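Quick notes on the structure that follows.
The values are calculated or read from the model by the stated rules, or taken from the named source; none is laboratory data. Keep in mind that this is a model prediction, so the values were computed, not measured. As a convention, Cβ positions derive from the backbone with ideal geometry for all residues, glycine included, and neighbour counts pool all protein chains shown.
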Amino acid sequence: MKELDKDTLGKIIAGVLFGGLFIYAYVSYFWMPYSKKISENTIKLEKLEQDISNAKQIKAQFNNLQKKLEELKIQKSEAEKKLPHDKKLPDLIKTIKKLSDKNHVKIMSFNPASTSRDQYFTKVNYSMSVKGKYHDIGRFFASVGLEERILNVEDLVISQLDASGDSCSVTFTLSAYQYGG
């Protein structure tokens, strides 16, 4: 093997030093800062993705809450039809009149009676007298019981009117309920 002269050896050492210096400069000024920025941006990206995921979950819960609120509003509306907040006497009279016409029953009297208050509702009583055929009156009472608003027939007294037994007179108390809570 040949020995390297001082000049060649100096050039090799200088090349190695400049190569090492270049690699050091490249790693220090380019590789490390960009690597650090890449890792910071990766962490930020993961955090943003997690925030987006959380926001999507909250949105899904909000949609479910919105649907639930709409369902509850519908249920409240239906409950208020059955148990209104006030007497709604004109609506009650229209309903009773419509049912009596439908079932061929004649309303003889409709008078306000007592009112009693309970913890959650108020019971408003009306004294009524109707006239009609026995089965028509029975259908009338059935249709009153099937009404959307909560109505009840109490204290029923039946008396016969004519000798043929076709027509009879009935006095009773109609109880209408309203929300009192």
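Side notes on the structure shown:
- Exactly one residue out of VAL157, VAL105, VAL130 is at pLDDT 90 or above and exposed (fewer than 13 other Cβ atoms within 10 Å of the Cβ), and it is VAL157.
- Exclusive hit being among the small types (Gly, Ala, Ser) and loosely packed, with under 10 Cβ neighbours inside 10 Å, set SER100, SER77, SER35: SER77
- Check on PHE110, part of a helix (DSSP H, G or I) and among the aromatic types (Phe, Trp, Tyr): no
- Qualifying residue in segment 136-153 (condition: of a type in the set (A, V, I, L, M) and loosely packed, with under 11 Cβ neighbours inside 10 Å): yes
For every residue, the table says whether it meets (1) among the β-branched types (Val, Ile, Thr); (2) within 29 Å of the chain's Cα centre (by Cα).
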| position | (1), (2) |
| --- | --- |
| ILE58 | yes, yes |
| LEU65 | no, yes |
| LYS73 | no, yes |
| ALA79 | no, yes |
| LYS102 | no, no |
| ALA142 | no, no |
| GLU147 | no, yes |
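- Taking first residues from segment 117-135 that are in the same structural domain as ARG149 (by TED's automatic domain parsing) and within 17 Å of LEU89 (Cα to Cα) and partners that are in a helix (DSSP H, G or I) and aromatic (Phe, Trp, Tyr), no Cβ contact under 6 Å between residues at least 6 apart in sequence or on separate chains turns up.
- Just one of the numbered conditions (1) among the hydrophobic types (A, V, I, L, M, F, W, C); (2) in a strand (DSSP E or B); (3) under 19 Å from LEU89 (Cα atoms) is not true of PHE141: (2).
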